[in-house]
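Report on the structure given below.
Only the coordinates and a few stated rules stand behind these numbers; no lab work does. Please read these numbers as outputs of a predicted model, since none were measured by experiment. We place every Cβ from the backbone using ideal geometry, glycine too, and count neighbours over all the protein chains shown.
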Amino acid sequence: MNLKINHLAVWVCIVVVHALGFLWYGMVFRESWTALVELDPTKTQQTASETALWIANSVSIIAPIYLLAWTCVQLA
């Protein structure tokens with residue numbers, strides 16, 4: 001059997017993981033989370049370091065999902 005990675009399914013998973021993170025930390029538990037990590041929403045500003053965090057976060061989501069897809073293809 002010659003299986004290949006379904007890239008569309010992988011990218012749908014990536015978008016779903018980002019959406020769940022946005023909902024979890026952005027809408028559902030925003031106040032609880034900011035209080036827990038001691039952030040003051042009025043003093044926070046978007047900086048260049050946050051852009052680097054977004055890039056690192058995206059890579060840390062994309063890499064394991066592709067690795068999982070590759071592992072599933074290899075085991076099938």
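A few remarks follow.
- Spatial separation of Cα centroids for the range 48-76 and the range 1-33, in angstrom: 11
- Shown here: Cα Rg over 2.2 N^0.38 Å, derived from the displayed model; of the candidates (i) 1.23; (ii) 1.47; (iii) 1.10, it corresponds to (ii).
- Between Leu75 and Thr51, the simple label model (points 7 Å from Cα in the Cβ direction) yields a spacing of 3.9 nm.
- Leu36-His18 pseudo-label distance in nm [points 7 Å out on the Cα-to-Cβ vector]: 2.4
- Across the range 66-76, rounded Karplus estimates of 3J(HN,Hα) from the backbone phi angles (6.51 cos²θ - 1.76 cosθ + 1.60, θ = phi - 60°) give 5, 5, 5, 5, 5, 5, 5, 5, 5, 7, 6 Hz, Gly and Pro being marked x.
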